[in-house]
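What follows is a short report on a single structure.
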Amino acid sequence: METTQPFSIVAQTALKVSTGVISNQSGEQLGSFAAPKIEILTTPQTLWAQTVDRIEVPFAKEYDQEEYFNNPALTMMGFYELRRIIRSLGVPTPQQEDYYSEPLKGQKCFVVGTGPGREIVWYSIFGASVSGLDATSKYLEIAQRKVTLAQEYLGRQLPVDRLYQCPAESFSWPSKEYDFVSCLFGVLNHVESWEQTLATICNSVKPGGKIFLSMYGQNEALVFELRGQLGYSPSILQRRTEGGILLGESSDILPANFPLPEEVAEVLQAQGFSDIMASGDLALAALFPQITTKKNLELFKSLIAQTEPRLGNRIKAVNDADELLLRTFIYEQKIPRPLQDYAYIRFEGTKV
Ligand SMILES: C[S@@+](CC[C@H](N)C(=O)[O-])C[C@H]1O[C@@H](n2cnc3c(N)ncnc32)[C@H](O)[C@@H]1O
């Protein structure tokens, strides 16, 4: 397991853990650099894709500013997710000095479903040359602005090439082009034809290159099992429902597929990926409360004691919210559970 520094320290790093905002504490402006261009290729066409777009547009700003920060377990996951990817790309201990030494320089990557741009900022800051797409233009505008701010802070042009508005299923995927492709946090769940789309994405990875996926699991996992007993809102934003997910308090169903991990791994294998790793995020940690009052933290500890007595014992005297979450998160990384207990499933593979 990587760092065990307390989460509050992690959250203070200049590169915000999940949204990808990089900030200059002095507020000084270092220069003016060209923003990455947004190219509109295809707007969402099918009823499914148009429904996803309609629900995503008004949600984009909220997602960027609030989702992770109002959901501490998602923030924790977002940070570790990107750190793991950077490590897997050969940077053993990613840190701020790497923003300047650019250890991923020379690598070409593509981000499928940029959302508000955290992956784009992370990869480009470490030196990789990045392009990406999203079906929803609002997200691309947020990502573009974030890259511009990061450039000003760092005082250099970041290697972000094009941002395309295009549903993943309609993109003209090149063949064997990228050193790595990343498609995180449920993007693929929202693609109606996820299997065919994943196959074409896979084909765009060079031999020796890598793919990183993270997807919603089939249900809310342990949260789903224990929902009646929680007594508070858990740190999971997307409630699963028949045919999709419900964002926040909305009752408008955002269409989504929930393939089994075996089905995703099968596509990766068929497309020539080996060393496929599937692992989960947020099982016990998903039970962590969104609002960390003393009462909610006590309820959380009693649920953990019931579900995982060994961890329950270790955290019973801990009262600090960040520390409780960090210990829980690290525990479930060290002692993995069955994949169906996790709310999010990560996949990684290397193209032969
Ligand atoms: C939960 S966000 C994840 C964003 C980002 N990958 C991250 O990890 O922060 C899901 C994103 O998928 C995008 N999306 C949904 N359907 C898509 C499709 N068919 N093609 C491309 N992007 C899509 C949405 O617009 C949204 O930006």
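Values quoted throughout were computed directly from the atomic coordinates according to the rules given, and no laboratory measurement underlies them. What you see is a predicted model, and the numbers here were worked out from it, not measured in a lab. Every residue, glycine among them, receives a Cβ derived from its backbone with ideal geometry; neighbour counts consider all protein chains shown.
At 37 °C and 0.692 mPa s, grab the translational diffusion coefficient of region 36-163 from Stokes-Einstein with a Kirkwood Rh over Cα pairs, rounded to a whole number in µm² per second.
Roughly 213 µm²/s, to the nearest whole number.
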(request) Please give the net charge around Arg239, taking every other residue with its beta carbon less than 13 angstrom from that of Arg239, where Lys and Arg add +1 and Asp and Glu add -1. (result) -2
(message) What is the sum of charges, Lys and Arg at +1 and Asp and Glu at -1, for the other residues whose Cβ falls under 14 Å from the Cβ of Val52?
(response) -4
(message) I'd like the distance separating the alpha-carbon centroids of region 232-246 and region 33-112, in whole Å.
(response) 21 Å
(request) Please turn the phi angles of region 281-287 into ³J(HN,Hα) values with the Karplus equation 6.51 cos²θ - 1.76 cosθ + 1.60 (θ = phi - 60°), one per residue in order, whole Hz, x for glycine and proline. (result) 10, 6, 10, 5, 5, 5, 7
(request) Treating the angle as unsigned and between 0 and 90°, give the value, to the nearest 10°, between the Cα long axis of helix 137-154 and the longest Cα principal axis of the chain. (result) 90 degrees
(message) Can you give me the convex hull volume of the Cα atoms of region 154-277, divided per residue and expressed in Å³?
(response) 172 Å³
(request) Mind listing the long-range amide H neighbours of Ser235? Cut-off is under 5 Å, sequence gap 5 or more, other chains count too, H placed in the peptide plane at 1.01 Å from N. (result) Phe288, Gln290
(message) What distance in nm lies between label points placed 7 Å from Cα along the C-beta direction at Ala270 and Leu47?
(response) 2.6 nm
(request) Beta carbons within 10 angstrom, averaged per residue: use that to sort the peptides 129-140, 202-213, highest first. (result) 129-140, 202-213
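Taking the Cβ-Cβ separation of Glu225 and Glu195 as r and a Förster radius of 25 Å, what is the calculated FRET efficiency to the nearest 0.05?
Here the calculated transfer efficiency is 0.30.
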(message) As a footprinting exposure proxy, order Thr114, Thr293, Thr307 by other Cβ within 10 Å, with the fewest listed first.
(response) Thr293, Thr307, Thr114
(request) Could you work out the equivalent-ellipsoid semi-axes for the chain, taking the square root of 5 times each eigenvalue of the Cα gyration tensor, largest first, in whole Å? (result) 30, 24, 20
(request) Work out, step by step, the length gained on full extension between Thr293 and Glu262: first 0.36 nm times the residue separation, then minus their alpha carbon distance; give nm to one decimal. (result) 7.3 nm
(request) Measure up Lys105/Lys210; Lys138/Lys176; Lys176/Lys210; Lys108/Lys176; Lys105/Lys176 against 21 Å on the Cα-Cα distance and list the ones that go over. (result) Lys138/Lys176
(message) To test your reading of the geometry: what angle, between 0 and 90 degrees and rounded to tens, separates the Cα axis of helix 261-270 from the longest principal axis of the chain?
(response) 30 degrees
(request) List, largest first, the extents of the alpha carbons of region 216-280 along their principal axes, each in whole Å. (result) 45, 24, 15
(message) Defining a contact as two alpha carbons under 8 Å apart and six or more residues distant in sequence, what relative contact order in percent does the chain show?
(response) 19 percent
(message) Sequence gap at least 6, Cα distance under 8 Å: using those rules, report the relative contact order of region 124-185 to the nearest whole percent.
(response) 45 percent
(request) Please work out the FRET efficiency for the pair Ser172 and Asp252, using the Cβ-Cβ distance as r and a Förster radius of 30 Å; give the result to the nearest 0.05. (result) 0.45
(request) Take Ser32, Ser170 and order them by how many other Cβ atoms sit within 10 Å, fewest up front. (result) Ser32, Ser170
(request) Kindly provide the pair-distance distribution of region 217-352 built from C-alpha pairs, with 10 Å bins from 0 and whole-percent values in order of increasing distance. (result) 12, 37, 31, 17, 4, 0
